[in-house]
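Encoded as structure tokens, the structure appears first; notes follow it.
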């Protein structure tokens, strides 16, 4: 299922009056901005402005211009965040299913510049699953302060669909419960 089909099911709670952009268009343009490494509405709006012609042609935007940062911010302030996240996760699962046989890298990392380090606490760690063929993270789980990544990897494996994929895990993944979980998910190789 493509990006348009997956996201067009989201409800648009905006008032019809004065609405220049369809919700699906704003969501798609924002996702493009995020995939191009822009992480706030100002930078996303600037990226969209630089690529106005592309988006006007791609989406058939009638007003002939891309949304401002205020428009993007306003849209994301009123949509249902849980429903958006659920839809986004389903879309990434679609990508993984379409890339059957792909390589998924699972690894734990310290979160750079984390606030806990500044406050004199432990540096927080996460375990991520990265779909290397596409270049996106398809799942992350925070490692509990009183454990290590080998205890968290099974939780991450429960969240993602890895059937038909090749999994790479460093030495932290060489424990029997992790191997059993990977095998039960019908991967090609590990």
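Some points to look at:
- Residue that is out of contact with any helix residue (DSSP H, G or I) (no Cβ under 8 Å at 6 or more places or on another chain), outside the structural domain of residue 134 (by TED's automatic domain parsing) and either surrounded by 13 or more Cβ atoms within 10 Å (Cβ to Cβ) or part of a helix (DSSP H, G or I) (or both), where the choices are 86, 90: 86
- Any hit, the range 29-39, residues being in contact with a helix residue (DSSP H, G or I) (Cβ under 6 Å, 6 or more places away or on another chain), without any contact (Cβ under 8 Å) to a residue 40 or more places away in the chain, in a helix (DSSP H, G or I) and farther than 19 Å from residue 91 by Cα: no
- Criterion violated by residue 109 - all others in (1) in the same structural domain as residue 136 (by TED's automatic domain parsing); (2) at pLDDT 70 or above; (3) touching a helix residue (DSSP H, G or I) at 6+ places or on another chain (Cβ under 8 Å) satisfied: (3)
- Check on residue 180, more than 15 Å from the chain's Cα centre (by Cα), surrounded by fewer than 16 Cβ atoms within 10 Å (Cβ to Cβ) and part of a helix (DSSP H, G or I): yes
The values are calculated or read from the model by the stated rules, or taken from the named source; none is laboratory data. If you're wondering where the values come from, they're calculated on a predicted model, not measured in any experiment. Heads up, the Cβs are rebuilt from the backbone with ideal geometry, glycines too, and the neighbour counts pull from every protein chain shown.
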